[in-house]
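A.B. asks: The structure's right below; bear with me while I get my questions together.
Bear in mind these aren't lab numbers, they're just calculated from the coordinates by the rules spelled out. Here the structure is a predicted model, which is why all the values come from computation and not from measurement. Here the Cβ positions follow ideal geometry from the backbone for every residue, glycine too, while neighbour counts run over all protein chains shown.
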Amino acid sequence: MKITTMVGVAVAVSLATPAVSATTTSPPERATAPAFAAARIMNDDIRVPLPEGFCEPTGPYIAQAQLIAAADNDNVTVLQLNSCAEMAAGGRTSHFAVMKAGKKTLTANISLADLLAAMGALPKSAFADLVNGPDVQKKVEDGFGQVSSAKIELKSDLQPVASDDAAYYLAGLMTGTVGENSGQLALAIAITSVRGHVVSYDFYAPGATARDVANVLQQAKTEVHRLLKAN
């Protein structure tokens, strides 16, 4: 079973997407915002509890989500969630989450127990090439090149950091330069199986320290447990 993470694609598109006018987007009001988002994987409907402060993309942020999806050749993006406040302000989104299903496992039925056993059996050194190796960098550059001509440079220290009865977790910092824009994000990936579908639930937030990584990792842990409980 091959798990391919393409988190660099999301970081690159986020940096490349300019801020927009606050008047061009209308995130749902908190009082009427739904408690769940809907994701569909093959023939299954997945209920995704909305993290606090997150909404589905609206207005021009839909285009950003489409670019993130289009630039990833290895995964099917089934859901993106953005910070409601950042969308309302019309700024660049730096707090967001993306749920992906790998194309190579899209039709497979893999239980959570089998997934966690397989992930746990991999030596940590194997993850270095899977998430930070030159092949991944080349895939990110090629994928991003399909949606933008801007030059990109990405560096990541993403590595396996934890596992529990819900997921296998990777976390770290990613620094990116896209054209004239640059930034650093803390990110955490929760790899799990929901209704037999292997997905990665990826969370991004501004950050430059170990504390920032720990915070986004805790968010990923909280939300993947909520996801499994809802399904």
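A.B. asks: What's the ranking of 190-202, 101-113, 84-96 by average number of surrounding C-beta atoms within 10 Å, highest first?
C.D. replies: In descending order of packing, they fall as 190-202, 84-96, 101-113.
A.B. asks: Let me ask something additional. Can you list the equivalent-ellipsoid semi-axes of the stretch 189-231, largest first and in whole Å, using the square root of 5 times each Cα gyration tensor eigenvalue?
C.D. replies: Semi-axes from the Cα gyration tensor: 23, 10, 6 Å.
A.B. asks: Can I ask one more? Just to check I understand the Karplus step: with θ = phi - 60° and J = 6.51 cos²θ - 1.76 cosθ + 1.60, what whole-Hz values come out for the stretch 161-174, glycine and proline as x?
C.D. replies: So the J values, rounded to whole Hz, are 10, 6, 8, 8, 7, 10, 6, 10, 10, 10, 7, x, 10, 10.
A.B. asks: A further question follows. In whole angstrom, how far apart do the alpha carbon centroids of the stretch 173-204 and the stretch 78-99 sit?
C.D. replies: If we compute the Cα centre of each part, the gap is 13 Å.
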